[in-house]
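The values are calculated or read from the model by the stated rules, or taken from the named source; none is laboratory data. Values in this document were obtained by computation on a predicted structure and should not be read as measured data. Note that we place each Cβ from the backbone using ideal geometry, even for glycine, and neighbour counts take in every protein chain shown.
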Amino acid sequence: MFDKVPTEKTVPTEDQTPEKAILVSVVLDDGDLMDTDASLDELEALLETAGGVCVARMVQSRQKPEHATYIGTGKLLELRDLCMALSADLVVFDCELSPSQIRNVESVLEDVRVIDRTVLILDIFARNAKTGEGMLQVAIANLKYTLPRLSGQGEALSRQGGGIGTRGPGETKLETDRRHVKRKIAKLEEELAELSKKRRTQRKSREKSGIFRISLAGYTNAGKSSLLNYVCQDSILAENKLFATLDPTTRRWRMPEFGEVLLTDTVGFINRLPHHLVEAFQSTLDEVVFSDLILLVLDATDPKFLQKTEICERILQELFNRRDLVPAPILYVLNKTDLEESRFNVASFPKGKESVCVSAKTGKGVEALVKRIEQLLKEAKKEYCFLLPHSQGGKLSILYQTANVKEVEYETEGIRVTAVCDSRTAGSLSAYEITSQGR
Ligand SMILES: Nc1nc2c(ncn2[C@@H]2O[C@H](COP(=O)(O)OP(=O)(O)OP(=O)(O)O)[C@@H](O)[C@H]2O)c(=O)[nH]1
Ligand SMILES: [Mg+2]
């Protein structure tokens with residue numbers, strides 16, 4: 001069991017003074033979808049979710065980051081003075097720093113801890129994971145982040161004081177040996193694989209039952225849990241904090257005409273989602289990948305609405321690519337339209353993307369959403385027959401994961417498969433599609 005990962009939680013209680021942090025960003029022309037201010041706003045929201053408070057922001061424009069310290073030497077000295085003047089406990093860089101950059105900056109700032117955006121996100125995940133699976137996933141992501149940062153970092157790793165960034169990487173003094181950490185990762189991954197197997201089996205039995213699976217995806221804080229709560233009359237934690245939901249929750253949802261479907265709420269997305277987290281949360285994110293329809297929930301009051309929409313689309317695309325699957329149909333759900341601020345975004349949302357405006361708070365628009373989902377589901381699945389060449393036997397396992405396989409016959413010219421599936425699965429196998437009688 002993962003007795004030592006993560007270590008005991010040292011979440012500051014309400015009466016503890018929040019840690020004071022300075023946020024640092026370097027403006028680079030690196031093609032990121034968010035501008036510096038918006039990214040820093042998001043970093044500040046992450047910091048607050050982790051229990052800290054921002055006392056200052058520092059921005060530097062550079063062509064490329066300074067190799068040793070990310071920001072330039074002059075700026076670093078300015079940062080040191082600012083830390084002293086404001087009695088900052090923490091400096092958070094809005095990027096991923098290399099181990100030596102953290103060490104070098106810390107050695108100049110002396111008593112101030114230095115963390116990066118990834119550590120902050122990992123810290124929040126470590127706080128919010130509630131189930132065994134979620135905790136395992138976070139622990140693995142933490143250790144994978146820590147692993148390349150181990151060598152020559154004895155001091156940094158033994159910091160045990162608690163506070164933001166100490167729940168994640170660099171949290172137990174035992175982890176001073178790379179081999180030890182590697183063994184631990186392997187062991188946790190084995191445990192996770194067991195749990196993932198269970199999840200896969202569950203998914204397959206749902207598939208066999210022919211019940212449609214709908215998933216709620218979207219940026220963190222968009223209102224996914226609130227929407228599930230509204231339509232399923234449930235009470236999943238929904239709050240104005242980032243990554244409130246980490247563990248997927250599936251509910252039966254009885255639709256007025258279509259009947260019962262399964263609705264899954266899961267972990268939210270964010271710009272530059274750390275790749276260790278995407279890897280570790282693969283089995284959780286598979287709930288989205290293997291669903292029949294994705295409701296992409298968007299906060300229509302968000303000033304960075306279109307950028308966040310694109311970030312979600314990119315993440316979804318990446319998830320489908322990782323599984324080598326054609327993307328599921330997406331229905332865009334523009335949420336929080338009870339609020340005035342949503343007007344502009346609703347009006348400027350691209351007409352080519354099918355969207356429905358709702359409010360998960362008041363229920364406005366939910367009826368129209370339900371109607372549209374029912375139509376889409378009715379159009380979605382039918383029976384197909386494929387003749388897979390023996391060299392393409394791997395495609396059969398795709399069908400087992402995504403379709404209801406009714407019959408499999410091994411013939412001389414290939415594997416004849418009859419399966420009920422959606423058009424995207426059928427589309428990815430269209431080269432092998434035949435009529436039931438023959439080619
Ligand atoms: N005004 C308004 N607020 C909403 C609406 N939907 C959600 N909220 C609020 O938005 C905040 C985030 O809602 P959640 O349902 O927790 O969002 P989520 O997408 O599940 O977030 P994560 O689990 O963190 O990814 C909460 O404070 C909700 O009360 C809405 O339609 N209108
Ligand atoms: Mg949620």
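Residues are listed down the side, and each one gets a yes or a no for (1) modelled with pLDDT of 95 or more; (2) surrounded by fewer than 22 Cβ atoms within 10 Å (Cβ to Cβ); (3) of a type in the set (Asp, Glu):
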site: GLY51; (1), (2), (3): no, yes, no
site: GLU66; (1), (2), (3): no, yes, yes
site: GLU78; (1), (2), (3): yes, yes, yes
site: LEU86; (1), (2), (3): yes, yes, no
site: VAL91; (1), (2), (3): yes, no, no
site: GLN101; (1), (2), (3): no, yes, no
site: GLU110; (1), (2), (3): no, yes, yes
site: ASP116; (1), (2), (3): no, no, yes
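Results for (1) outside the structural domain of ARG103 (by TED's automatic domain parsing); (2) modelled with pLDDT of 75 or more, shown as yes or no for each residue.
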| site | (1), (2) |
| --- | --- |
| LEU136 | no, yes |
| THR146 | no, yes |
| LEU150 | no, no |
| GLY162 | yes, no |
| GLY168 | yes, no |
| GLU175 | yes, no |
| VAL181 | yes, yes |
| ALA193 | yes, yes |
Exclusive hit being in contact with a Pro (Cβ under 8 Å, 6 or more places away or on another chain), away from ligand 2 (no atom under 16 Å from the Cβ) and not hydrophobic (A, V, I, L, M, F, W, C), set GLN375, GLN317: GLN317
ILE236: passes all of (1) at pLDDT below 80; (2) more than 9 Å from ligand 2 (Cβ to nearest atom) but (2)
Identify the residue in the stretch 349-360 that is within 13 Å of ligand 1 (Cβ to nearest atom) and part of a loop (DSSP other than H, G, I, E, B) and, among all such residues, is surrounded by the most Cβ atoms within 10 Å (Cβ to Cβ). VAL358
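Mind counting the residues in the stretch 320-348 that are buried (at least 20 other Cβ atoms within 10 Å of the Cβ) and closer than 30 Å to GLY394 by Cβ?
Selection size over the stretch 320-348: 1.
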Residue within the stretch 240-249 that is surrounded by fewer than 23 Cβ atoms within 10 Å (Cβ to Cβ) and away from ligand 2 (no atom under 13 Å from the Cβ) present: no
For the stretch 67-113, which residues satisfy the criterion of being β-branched (Val, Ile, Thr) and in contact (Cβ under 8 Å) with a residue 24 or more places away in the chain? THR69, ILE71, VAL91, VAL92, ILE102, VAL105, VAL108, VAL112
In the set LEU216, LEU227, the lone residue that is in contact with an Asp or Glu (Cβ under 6 Å, 6 or more places away or on another chain), within 21 Å of GLY259 (Cα to Cα), of a type in the set (A, V, I, L, M, F, W, C) and crowded, with 22+ Cβ neighbours inside 10 Å is LEU216
Looking at the stretch 264-293 only, could you name the residues that are away from ligand 1 (no atom under 14 Å from the Cβ) and more than 20 Å from LEU192 (Cα to Cα)? ARG272, SER291, ASP292, LEU293
Hey, among VAL289, VAL326, which residue is touching a residue at least 12 places away in the same chain (Cβ under 8 Å), of a type in the set (Val, Ile, Thr) and more than 25 Å from ALA238 (Cβ to Cβ)? VAL326
When GLY259 is run through (1) in contact with a helix residue (DSSP H, G or I) (Cβ under 9 Å, 6 or more places away or on another chain); (2) modelled with pLDDT under 85, the failure sits at (1)
